[in-house]
Amino acid sequence: MAGSSPRWTVGLDLSLTSTGIGIIDLNSGTAYTRAVRSSGKKTDTLAMQVARIQDLTDNIVDSVAVCDPELVVVESAAFSTRKDSSAHRRAGLWWSVVGELNIQGFTVVTLSPSELKKFATGKGNASKDAMVARAVSTWGEEVLGTQFNDTSDALFLATAGAFALGETVELSAPAYRKQIASQLAARLDTIKEV
């Protein structure tokens, strides 16, 4: 629509090594992605870990702020049941990013990993390969960039946000997508009531 103000949703698939950022232009339906990369070692000092999480938070939040989105959808934290030495640091990143987005006034809602998988593929237990395959068939490799695993999830998060706002952005709307979008919209309504 010519002359209309830019409208965006952003999806974040937070990671200590490669955070996926998916951006949907609600006016045109165009999808964009970015990956924020970082590396660390298990032997990093506490100060090094804190600095890394702060650097990642700043880079991720700055990437979101550029768009000034109507909605940010973040995958909720999921921790593996096997021995996972990075779970504590990942939780630190998650709270740091979500907290800073909240402080800056962005509307943030979460989608669980199973809700994200169901929104993308129709199955709440879909494999990572199925998620990537659906993203490639939806947006193409050129949009997803080289970090398919991260950006595919992020774009589906952003798209779920668009659906929750009542926008279908050139993606089919079967019952399973409508169901997840409705649940997300209900969370959004709860936030607005507070």
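Taking the longest Cα principal axis of the chain as reference, the axis of helix 148-164 is set at about 50 degrees.
In the full protein context, the chain carries 51 Å² of accessible surface per residue, based on a 1.4 Å probe and ignoring ligands, DNA and RNA.
Of VAL98, VAL50, VAL108, the residue with the greatest mean-square motion in the GNM of the chain, using alpha carbon springs below 10 Å, is VAL50. Our helix-only sum for the chain, with -39,500 (n - 2.57) per DSSP H run of n ≥ 4 divided by its residues, gives a mean residue ellipticity at 222 nm of -16500 deg cm²/dmol.
Among the protein heavy atoms of the stretch 1-48, carbon and sulfur supply 56% of the accessible surface, probe 1.4 Å, non-protein parts ignored. Computed extension length for LYS41-ASN27: 0.8 nm, one decimal, from 0.36 nm per residue of separation with the Cα-Cα distance subtracted. Charging the Cβ of each Asp and Glu at -1 and of each Lys and Arg at +1, and nothing else, the dipole of the chain about its Cα centre rounds to 760 debye.
Amide H contacts of THR110 (H built 1.01 Å from N, in plane; Pro and chain starts excluded): VAL74 sit under 5 Å, all sequence-distant by 5 or more or on other chains. Every pair of different Cα atoms in the chain enters the Kirkwood calculation, which places the hydrodynamic radius at 16.9 Å.
As I understand it, the value is the acute angle between the Cα axis of helix 87-103 and the longest principal axis of the Cα atoms of the chain; what does it come to in degrees, rounded to 10? It is inclined by approximately 50 degrees.
Principal-axis analysis of the Cα atoms of the chain puts helix 175-193 at an angle of about 70° to the longest axis.
GLU100 sits among other residues whose Cβ lies under 13 Å from its own Cβ, and their net charge, with Lys and Arg +1 and Asp and Glu -1, is -3.
The values are calculated or read from the model by the stated rules, or taken from the named source; none is laboratory data. Remember, it's a predicted structure, so these values are computed and weren't measured experimentally. Cβ coordinates were reconstructed from backbone atoms using ideal geometry, including for glycine residues, and neighbour counts include every protein chain displayed. Heavy atoms of the whole protein, side chains included, go into the accessibility calculation; ligands, DNA and RNA do not. Shrake-Rupley method; radii C 1.70, N 1.55, O 1.52, S 1.80 Å.
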